[in-house]
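Q: Right, I'll just put the structure down here and ask away after.
The values are calculated or read from the model by the stated rules, or taken from the named source; none is laboratory data. Treat the numbers as computed from the prediction; the structure is a model and nothing was measured. Glycine also receives a Cβ, built like all others from the backbone with ideal geometry; neighbour counts cover every protein chain displayed.
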C-alpha cells in the first residue's frame, strides 16, 4: 500500500481545492488545538502560576518545547504530558470539518471524495 496522503492533499490532487485553499485548511487545522499549558491546567497537572515559570524559561531558551521544559523543571510527569498531548490531538479540528466550514467544496463532491479517500486508505 502506498504511503498515506493527507485528506487535504487528496482534495488538492483531485482539483477540489487550490494550493492556497489546501494551505489554509492545513493552517486552520494546525492552529485549532488547545495550547498544551491550558490542557495541563485543565487536567490539574499544572497551576497557572507554573505556566508563567515555564514560559519564562522558554523565552531564555528559544525553540525549547513547553512540555520538555515542564518535564525538565519537574513540574509534570511523562504520563501527564502524554495524556495532555492525547487530549490536544482529540480536540484538533478535522480537515473535513474545516473544508466544510470554508464552503469551498460542494456537498456532492465532498461526499464522493470521502468515499474515494476511504477506499484509498483501505486498499
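Q: What tally of residues in segment 4-28 results from selecting those that are modelled with pLDDT under 90 and either in a helix (DSSP H, G or I) or more than 28 Å from residue 81 (Cβ to Cβ) (or both)? Reasoning before the result, please.
A: Initial filter on segment 4-28 (modelled with pLDDT under 90): 4-6.
So of that shortlist, the ones also either in a helix (DSSP H, G or I) or more than 28 Å from residue 81 (Cβ to Cβ) (or both) come out as 5.
The qualifying residues number 1.
Q: Considering each residue of segment 38-63, count those that are farther than 23 Å from residue 91 by Cα and part of a loop (DSSP other than H, G, I, E, B), and give that number.
A: 3
Q: Right, here's the next one. Looking at residue 41 and the list (1) in the same structural domain as residue 72 (by TED's automatic domain parsing); (2) closer than 30 Å to residue 115 by Cβ, which single condition is not satisfied?
A: Failed condition: (2).
Q: For residue 84, are the conditions met, namely being surrounded by 15 or more Cβ atoms within 10 Å (Cβ to Cβ) and within 18 Å of residue 117 (Cα to Cα)?
A: No: the conditions fail for residue 84.
Q: Picking from 55, 60, 90, which residue would you name as being over 27 Å from residue 10 (Cβ atoms) and surrounded by fewer than 12 Cβ atoms within 10 Å (Cβ to Cβ)?
A: 60
Q: Next question, about the same structure. Under 6 Å by Cβ, and 6 or more places apart or on different chains, what pairs join a residue from segment 109-123 that is under 13 Å from residue 5 (Cα atoms) with one that is assigned to a helix (DSSP H, G or I)?
A: Taking only residues 6 or more apart or on different chains, the pairs are 117/7; 117/10.
Q: Of 114, 71, which residue is in a helix (DSSP H, G or I) and modelled with pLDDT under 95?
A: Working: 71 fails: modelled with pLDDT under 95.
Criteria check complete, one pass: 114.
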